[in-house]
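Novice: Just passing along the structure, written as structure tokens.
The values are calculated or read from the model by the stated rules, or taken from the named source; none is laboratory data. All of these numbers come straight from a predicted model, not from anything done at the bench. We place every Cβ from the backbone using ideal geometry, glycine too, and count neighbours over all the protein chains shown.
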Amino acid sequence: MSLAAEAFVSQMAAAEPWPENASLYQPLKEDQILLSDCATSLAVQAYLRMCGLPVQVVCRANAEYMSPSGKIPFIHVGNQVVSELGPIVQFTKAKGHSLSDGLDDVQRAEMKAYMELVNNMLLTAELYIQWCDEATAAEISRPRYSSPYPWPLSNILAYQKQWEVRRKMNAVGWGGKNLEQVYEDVSQCCQALSQRLGTQPFFFNKQPTELDALVFGHLFTILTTRLTSSELAERIKSYSNLLSFCRRIEQTYFEDKSS
Amino acid sequence: MAAPDELFCWEGDWGLPSVSTDCLVVLAYAQFAGAPLKLHKMSNPWRSPGGSLPALRTNQKDTLTRPSDIIIHLRKQKYNADYDLSAKEGADSLAFISLMEEKLAPALIYTFWVEPKNYVEVTRRWYAEHMPFPLNFFLPGRMQRQQLEKLRLLRGDELLESGDELEKELYRDAAECLNLLSQRLGSSKFFFGDSPSSLDAYVFGHLAPILKSKLPNGKLQQHLKSLENLSSFCTNILLLYFPRDDRESSSQQPASQPEGGDFDHVPNKRRKQFLSALAALGAMLSYALLTGMVSIQHVQQEALEEPPDLRTIGSHEEDGDD
């Protein structure tokens, strides 16, 4: 999002309260959405629920092309559109809803660092498994990604997306990795998160922050999504405190409405 | 004992042991862990075993090029700078390294390779001057294209305009990252306790080029200098672990600066002058031949007849002078 637009948004945001009809857009839940998009979307939903802000989830086949940054998910609040967790956190903060106000400087630095750890390792690993592991790409990612489109277009778009992700992997130095190394990185990341969480209910004491929302979004999605191999979920299952962390957030923030 | 591993790195400048962030990270980690490496500093990436720098050739003749792989390899060889860290500190290291890769690395690429003034006056010039003859014409440009591609993919934008907007956005992220690092470091000497760890190596590798390079557009440098604990962290590591490079630069500077002019310290100056004179001469001769100002026939006749005349004239003049 451009700076001018951002300044404008935060100014406007401060003026208006959170409306009742705010909506969150994501790809079709049953047929289209992929693991990584589902994870980022769930993270935003968890964050908004933690803030106590009501949002209605809307599924659209072309959500990716509707989003201002081309990324999933984005929220439509009043007359503004904001995409991705980071800007959404800024946006709600401007409206007076923040989860990280109680943290001191060092804690805030650590929170930001761990959020980047999740983006840098878990999200990249999800993208790698979706698009660079040929079995997963052929069996799940390409058919699902292209499901709303007619034949010649579906192939073109799916391969275009795969090509783009592979180039990104090369740019971040993951191009030469094999699947085993990626799983190893996921383990390393979970190990770090598990150490950081320890026996606390949330990452920073008793209050949830945006980090908790982000971690929940990714871990819960990985645990509940069926892929060609269950290796990714198995790696997470060996950290019992992360599992109970996911269960706790699910019960606290999602139970009433999911039933 | 087996032969030591060999490390190939970019040459240093500006008082740094190397100019590239990745090389600095590896060098700093090797110093912190006390790993005995055979170091080759070079300015020709094509002579590195991996085709890029840095590269580590292990004594099993494997080649590693990613800094994290090299550090993991050194760790397996029992050269571990993170030995004293608790599990939670290890987790924090991983998190802050990710933070730098996501927030600071794009701004570094921008400031060295995209910002037009910095690129033309410092980065491209440095690489063009230090690379050997035919490579210096095309490798800097190719490196810039690779870095641009990397920046574009990291940000996930379709097109990348080097405008004020992009610059502000990247610098804002980078400044935030620097602030967070500064807050985390606080007043301690290293990030965890009294001895440096891999996180210190990564921070040093990312910050030292910003601090030491002399860029025309130095917004990041100004911000870094305003965070006193971070800039003294860098100078401390330079003093403690790379004393030789620091001294070299301070002794070089007074020697090189009086020469002043921008084009004075070109390596192989004589050879280049000679080659360009030769090329100019060749061009003039071929022009003369092609346009018919001089024909071969004519030259041969003159060659037969004239030399005696010339010599006589020359000797006459000399006589006259005497």
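Novice: Restricting to the stretch B:81-123, what's the tally of residues that are surrounded by 18 or more Cβ atoms within 10 Å (Cβ to Cβ) and either of a type in the set (D, E, K, R) or part of a loop (DSSP other than H, G, I, E, B) (or both)?
Specialist: The total comes to 8.
Novice: Residue check, A:Gln160 against (1) more than 13 Å from chain B (Cβ to nearest Cβ); (2) surrounded by fewer than 14 Cβ atoms within 10 Å (Cβ to Cβ), all met but one. Which one?
Specialist: (1)
Novice: Right, another one. Find all pairs meeting these conditions: Cβ atoms under 9 angstrom apart; at least six residues apart or on different chains; first residue within the stretch B:131-142 and assigned to a helix (DSSP H, G or I); second residue of a type in the set (A, V, I, L, M).
Specialist: Final answer for the pair search is B:Asn136/B:Ala128; B:Phe137/B:Ala128; B:Phe137/B:Met131; B:Leu139/B:Ala128; B:Leu139/B:Met131; B:Pro140/B:Ala128; B:Pro140/B:Met131.
Novice: Considering only residues that are under 17 Å from A:Glu210 (Cβ atoms) and either touching a residue at least 60 places away in the same chain (Cβ under 8 Å) or not aliphatic (A, V, I, L, M) (or both), which ones fall in the stretch A:14-41?
Specialist: A:Trp18, A:Ala39, A:Thr40, A:Ser41 - these are the residues of the stretch A:14-41 that are under 17 Å from A:Glu210 (Cβ atoms) and either touching a residue at least 60 places away in the same chain (Cβ under 8 Å) or not aliphatic (A, V, I, L, M) (or both).
Novice: Of all residues in the stretch B:1-42, which are hydroxyl-bearing (Ser, Thr, Tyr) and under 14 Å from the mean Cα position of the chain (by Cα)?
Specialist: B:Ser18, B:Ser20, B:Thr21
Novice: Please tell me if A:Ala138 is out of contact with any Ser or Thr (no Cβ under 8 Å at 6 or more places or on another chain) and either within 14 Å of chain B (Cβ to nearest Cβ) or at pLDDT 90 or above (or both).
Specialist: Here the answer is yes, as A:Ala138 does meet what is asked.
Novice: Residue check, A:Ile88 against (1) touching a Ser or Thr at 6+ places or on another chain (Cβ under 7 Å); (2) assigned by TED's automatic domain parsing to the domain that holds A:Cys38, all met but one. Which one?
Specialist: (1)
Novice: If you go through the stretch B:88-104 one residue at a time, how many are in contact with a Lys or Arg (Cβ under 9 Å, 6 or more places away or on another chain), among the hydrophobic types (A, V, I, L, M, F, W, C) and in contact (Cβ under 8 Å) with a residue 12 or more places away in the chain?
Specialist: Result for the stretch B:88-104: 2.
Novice: Out of all the residues in the stretch B:51-65, which are without any contact (Cβ under 8 Å) to a residue 40 or more places away in the chain and surrounded by fewer than 21 Cβ atoms within 10 Å (Cβ to Cβ)?
Specialist: B:Gly51, B:Ser52, B:Gln60, B:Lys61, B:Asp62, B:Thr63, B:Thr65
Novice: Select the strands (runs of 3 or more DSSP E) contained entirely in the stretch A:42-149, then report the ones holding at least 3 residues which are in contact (Cβ under 8 Å) with a residue 40 or more places away in the chain and over 30 Å from A:Glu184 (Cα atoms).
Specialist: A:74-77, A:80-83
Novice: Filter the stretch B:17-62 down to the residues that are outside any loop (DSSP other than H, G, I, E, B), charged (D, E, K, R) and more than 19 Å from B:Gln146 (Cβ to Cβ) and list them by number.
Specialist: Listed by number, the residues that qualify are B:Lys38, B:Lys41, B:Arg57.
Novice: Now a separate question. Check B:Ala35, B:Ala105 and return the single one that is within 30 Å of A:Gln191 (Cα to Cα) and within 14 Å of chain A (Cβ to nearest Cβ).
Specialist: Just a single option satisfies the conditions, and that option is B:Ala105.
Novice: For the stretch A:177-188, does any single residue satisfy the condition of being out of contact with any strand residue (DSSP E or B) (no Cβ under 6 Å at 6 or more places or on another chain), part of a loop (DSSP other than H, G, I, E, B) and within 12 Å of chain B (Cβ to nearest Cβ)?
Specialist: The answer is yes, given that some residue of the stretch A:177-188 is out of contact with any strand residue (DSSP E or B) (no Cβ under 6 Å at 6 or more places or on another chain), part of a loop (DSSP other than H, G, I, E, B) and within 12 Å of chain B (Cβ to nearest Cβ).
Novice: When the stretch B:13-47 is examined, which residues are found to be out of contact with any Pro (no Cβ under 6 Å at 6 or more places or on another chain) and farther than 16 Å from B:Ala201 by Cβ?
Specialist: B:Asp13, B:Trp14, B:Gly15, B:Val19, B:His40, B:Lys41, B:Met42, B:Ser43, B:Pro45, B:Trp46, B:Arg47
Novice: Here's something else I'd like to know. Output the number of the condition that A:Met169 fails; it satisfies all remaining conditions of (1) within 24 Å of B:Ile70 (Cβ to Cβ); (2) within 11 Å of chain B (Cβ to nearest Cβ); (3) surrounded by fewer than 18 Cβ atoms within 10 Å (Cβ to Cβ).
Specialist: Every condition holds for A:Met169 apart from (3).
Novice: Right, next: For A:Lys177, are the conditions met, namely being under 29 Å from B:Ile97 (Cα atoms) and under 22 Å from the mean Cα position of the chain (by Cα)?
Specialist: No: the conditions fail for A:Lys177.
Novice: Could you look through the stretch A:1-18, keep only residues that are loosely packed, with under 13 Cβ neighbours inside 10 Å and modelled with pLDDT of 75 or more, and pick out the one that is farthest from the other protein chains (Cβ to nearest Cβ)?
Specialist: The qualifying residue farthest from the other protein chains (Cβ to nearest Cβ) is A:Pro17.
Novice: Could you tell me whether any residue of the stretch A:190-209 is more than 9 Å from every other protein chain (Cβ to nearest Cβ), closer than 30 Å to B:Gln147 by Cβ and modelled with pLDDT of 90 or more?
Specialist: Checking the stretch A:190-209: not a single residue is more than 9 Å from every other protein chain (Cβ to nearest Cβ), closer than 30 Å to B:Gln147 by Cβ and modelled with pLDDT of 90 or more.
Novice: Now for a separate question. List the pairs whose first member sits in the stretch A:180-196 and is in the same structural domain as A:Ile236 (by TED's automatic domain parsing), whose second member is of a type in the set (S, T, N, Q) and surrounded by fewer than 19 Cβ atoms within 10 Å (Cβ to Cβ), and whose Cβ atoms are under 7 Å apart, counting only residues at least 6 apart or on separate chains?
Specialist: A:Ser194/A:Asn241
Novice: State all residues of the stretch A:118-135 that are within 14 Å of chain B (Cβ to nearest Cβ) and within 13 Å of the chain's Cα centre (by Cα); if no residue qualifies, say none.
Specialist: Hits for the stretch A:118-135 are A:Val118, A:Asn119, A:Asn120, A:Met121, A:Leu122, A:Leu123, A:Thr124, A:Ala125, A:Leu127.
Novice: Could you list all residues from the stretch B:187-200 that are assigned to a helix (DSSP H, G or I) and under 14 Å from B:Ser231 (Cα atoms)?
Specialist: B:Asp200
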